[in-house]
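**Q** Here it is: the structure, laid out below.
Nothing in this text is a laboratory measurement; each read-out follows from the coordinates by a stated rule. Keep in mind that what you see is a predicted model, and the values were worked out from it rather than measured. Glycine gets a Cβ as well: all are built from the backbone with ideal geometry, and neighbour counts include every protein chain shown.
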Amino acid sequence: MPRRGENIYKRKDGRWEGRYKDGFKPDGKTKYSSIYGRSYAEVRSAMTEKRLQLQSEAPACRLKFGEIVRLWLENIKNTVKESTYANYLMKAEKHILTRLGDIRYDKLTVNILNDFVSEKLADGLSAKYVSDISVLIKSAAKFAHRQYGYADKTEFMLLPKKEKLSEKRLLTNSEQQILTTGLLNNINSCNVGILLSAATGMRIGELCALKWADFDFEKSTVTVKRTMQRIRNTDSASATKVIVTSPKSKTSLREIPIPEFLRSALESMKTDSNSFVLTGTNRYVEPRTMQYRFKSILKKLNLPQVNFHSLRHMFATKCVSLGIDVKTLSEILGHSSVKITLDRYVHSSIDRKRSCMKIFSDNIVVA
């Protein structure tokens, strides 16, 4: 029977078809070719021979895999966001180069790669994180194949199965009320910013990069145009630096109605259009500092120490419980799909589950 990842399946006409990678198209996308046969075993055998043939035809590569990875990183440096490149470089240097960097590329095998994945999982890294590292390895190998004609050594590399995301600890409804009341009783730039994130689902980086020019009080909207983050500094002696750049994705560029209960407070604090909302000046508050301030406020109010990002989760969960449609919620959050909203940000409390079961029970007729 076909195994996962073999790309062999039975067609409606009764024949078996196997698809294999056969180079790249002019636009850089993978080109696939097919082999047909009367049985699964016949196709599987023919595909094995074809792959061995393609590998034997590929020029020998005496470069070390670390050199391949660095060539790939240099190739993509100017095609991805600075923050993305810094993230790739960190993962490559911390995980890939230290373990696989000195292996000659033509000596790299699928067993070595799968052992690497297993070792990283055994080290306690999450399946999602190890999968991200594995994707970088695959990207470097595809670059070597596309650019130099070397065999793709990662074709049968296994990606770890991503575990189901665990439920985050969120503030309860009563705890959220304590937080809201505490912030409203002490209005300042920081507290209004926290309330704005809690009432819009805005990310911490988006809040820190927010300027008064992004508000339109006539339309009663705020537009998310940029985000702020601290990244590794790849061009200087200093370890990290703060950058302000475009948001996470195209869908993260969005217009959000201003929460009515915050409108007057926001208008009263408005300063120069080019000033940051959290300071009222051209000086910014970076996400790390904002996280510390949030934790300090939670401590003063005797609330559990949750992360700032939990405000986004609480906003999404609250919207769903109030009956707001998920499509609209997804656009407010800046997600590319409704599935992301449901899978990552909507949490069902035991009270919500009891309510749903009561609705169900009330509509059951027992004879």
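**Q** Hey, which of these cross-link pairs are over 25 Å Cα-Cα: Lys107/Lys138; Lys138/Lys241; Lys219/Lys250; Lys77/Lys241?
**A** In this structure, Lys138/Lys241 lie more than 25 Å apart at Cα.
**Q** In the structure displayed, which of Lys162/Lys318; Lys91/Lys327; Lys50/Lys81; Lys299/Lys358; Lys225/Lys327 lie more than 29 Å apart, Cα to Cα?
**A** On the way: Lys162/Lys318 27 Å; Lys91/Lys327 34 Å; Lys50/Lys81 38 Å; Lys299/Lys358 36 Å; Lys225/Lys327 21 Å.
Too far apart for the 29 Å limit: Lys91/Lys327; Lys50/Lys81; Lys299/Lys358.
**Q** Between Glu218 and Leu322, what's the calculated FRET efficiency when r is the beta-carbon distance and R0 is 35 Å? Round to 0.05.
**A** Numbers: r = 27 Å, r/R0 = 0.77.
FRET efficiency, Glu218 to Leu322: 0.85.
**Q** Moving on. Given R₀ = 22 Å, what would the calculated FRET efficiency be for Ala239 paired with Tyr129, taking r from the Cβ atoms and rounding to 0.05?
**A** The value I calculate is 0.55.
**Q** Using only DSSP helix segments of four residues or longer, with each worth -39500 (n - 2.57), what per-residue ellipticity at 222 nm results for the chain after dividing by its residue count and rounding to 500?
**A** -14000 deg cm²/dmol
**Q** Contact order normalised by length for the chain, with contacts defined as Cα pairs under 8 Å and 6 or more residues apart; what percent is it?
**A** It rounds to 12 percent for the chain.
**Q** Most exposed first by the Cβ proxy, i.e. fewest other Cβ within 10 Å, how do Lys120, Lys250 rank?
**A** Going from least to most buried by this count: Lys250, Lys120.
**Q** Do any GluC sites (Glu not before Pro) in segment 95-191 lie in a loop, going by DSSP, with at most 12 other beta-carbon atoms within 10 Å of their beta carbon, and if so which?
**A** Filter output for segment 95-191: Glu163, Glu167.
**Q** While we're on this one: Report the net charge of residues surrounding Gly280, where surrounding means a beta-carbon distance below 10 angstrom and charges are Lys +1, Arg +1, Asp -1, Glu -1.
**A** +1
**Q** Could I ask something else about it? With θ taken as phi - 60° and the coefficients 6.51, -1.76 and 1.60, list the Karplus ³J(HN,Hα) couplings across segment 296-305 in order, rounded to whole Hz; mark glycine and proline as x.
**A** 5, 5, 4, 5, 5, 8, 6, 9, x, 7
**Q** Once you treat every alpha carbon in the chain as an equal point and sum by Debye, what is log10 I(q)/I(0) at q = 0.06, 0.07, 0.15 Å⁻¹?
**A** Log-scaled intensity ratios, in q order: -0.35, -0.47, -1.29.
**Q** Quick one: Phe65, Phe294, Phe116, fewest Cβ neighbours within 10 Å first, how do they rank?
**A** Going from least to most buried by this count: Phe116, Phe294, Phe65.
**Q** Angle check, please: helix 173-184 long axis (alpha carbons) against the longest principal axis of the chain (alpha carbons), in degrees 0 to 90, nearest 10.
**A** Helix 173-184 and the main axis of the chain meet at about 60 degrees.
**Q** Provide the gained length on full extension for the span Arg169 to Asn185, in nm with one decimal, where the gain is 0.36 nm per separating residue minus the Cα-Cα distance.
**A** 3.2 nm
**Q** In terms of modelled amide H atoms, which long-range or inter-chain residues lie less than 5 Å from the amide H of Asn233?
**A** Here the answer is Thr240, Lys241, since their amide H atoms fall under 5 Å of that of Asn233.
**Q** Let me ask something else about it. Above 22 angstrom, tally the Cα pairs of segment 173-308 and express them as a % of all pairs, no decimals.
**A** Counting every Cα pair in segment 173-308, those more than 22 Å apart make up 39 percent.
**Q** For segment 135-207, what relative contact order do you get, as a whole percent, if you take Cα pairs closer than 8 Å and at least 6 residues apart?
**A** 14
**Q** Would you list Asp362, Asp272 from fewest to most Cβ contacts within 10 Å?
**A** With the fewest neighbours first, Asp362, Asp272 line up as Asp362, Asp272.
**Q** Gain in length, Lys10 to Lys77, computed as 0.36 nm per residue apart minus the alpha-carbon separation, to one decimal in nm?
**A** Extra length from Lys10 to Lys77 when fully extended: 19.9 nm.
**Q** Quick one: what are the phi-derived ³J(HN,Hα) couplings along segment 109-117, Karplus 6.51/-1.76/1.60 with θ = phi - 60°, whole Hz, x for glycine and proline?
**A** After applying 6.51 cos²θ - 1.76 cosθ + 1.60, I find 10, 5, 5, 4, 5, 5, 5, 4, 4 Hz.
**Q** Can you pull the one-decimal nm distance between simple spin-label points at Tyr292 and Gln177, each 7 Å off the Cα toward Cβ?
**A** In this crude label model, Tyr292 to Gln177 measures out at 3.4 nm.
**Q** For segment 122-204, what size does the Cα cloud have along each of its three principal axes, sorted from largest down, in whole Å?
**A** Cα spread of segment 122-204 along its principal axes, largest to smallest: 65, 28, 20 Å.
**Q** Using only the Cα atoms of segment 65-148, build the gyration tensor, take square roots of its eigenvalues as a ≥ b ≥ c, and label the shape rounded, prolate or oblate: rounded if a/c is under 1.5, else prolate if a/b is larger than b/c, else oblate.
**A** oblate
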